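A.B. asks: Below is one structure. I have some questions about it.
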Amino acid sequence: MTYNWSLMLRLLREAQKPGAEPFTPRQYAEEHAVALEDSGQTMPNLDSLKADAQNYESLLYEGGFLESRPEEQGGNGENFVLTERGQRLLAMLEDETATSRLDEKGQTALVPEVFDELGR
């Protein structure tokens, strides 16, 4: 099993947006599904996609890819900024070659120690 990298990319891009808006992964998943359908791709199972997005939020936070947005940047305890590790993941997900390297690691790709070796 691999991650849904396009959904994860969407979440990381949403986290880097400025402001005090709360981070809403389930809503982003729904918007992501609509965008996929609008581009001619098959609509994914929405409930599954929303659950993945919720799980990815925890995974990204606990893995040190996201951290709480500071108050002076609009932080309200419900939004995030990308850490240096999160910025490296974002850059990798925007590069197809790097994404295939992540896929090779499967579920361990986002274990901080494994990712840090890949992201060098």
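A.B. asks: State all residues of the stretch 96-120 that are in contact with a helix residue (DSSP H, G or I) (Cβ under 9 Å, 6 or more places away or on another chain) and of a type in the set (Val, Ile, Thr); if no residue qualifies, say none.
C.D. replies: Answer for the stretch 96-120, where residues must be in contact with a helix residue (DSSP H, G or I) (Cβ under 9 Å, 6 or more places away or on another chain) and of a type in the set (Val, Ile, Thr): Thr99, Thr108, Val111, Val114.
A.B. asks: When you go through Gly74, Gly64, Gly19 one by one, which is the residue that is closer than 16 Å to Ala109 by Cα and surrounded by fewer than 20 Cβ atoms within 10 Å (Cβ to Cβ)?
C.D. replies: Just one listed residue meets the conditions, Gly64.
A.B. asks: Which of the residues spanning the stretch 49-67 are among the small types (Gly, Ala, Ser) and in contact (Cβ under 8 Å) with a residue 12 or more places away in the chain?
C.D. replies: Those that are among the small types (Gly, Ala, Ser) and in contact (Cβ under 8 Å) with a residue 12 or more places away in the chain: Ala53, Gly63, Gly64.
Every residue, every condition in (1) among the polar types (S, T, N, Q); (2) in a loop (DSSP other than H, G, I, E, B), yes or no:
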| residue | (1), (2) |
| --- | --- |
| Gln41 | yes, yes |
| Leu49 | no, no |
| Ser58 | yes, no |
| Tyr61 | no, no |
| Gly77 | no, yes |
| Arg85 | no, no |
| Arg88 | no, no |
| Asp103 | no, no |
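We did not get these values from a lab; they are worked out from the coordinates using the rules stated. If you're wondering where the values come from, they're calculated on a predicted model, not measured in any experiment. Because the Cβ atoms are built from the backbone with ideal geometry, glycine has one as well, and the counts that use them run over all protein chains shown.
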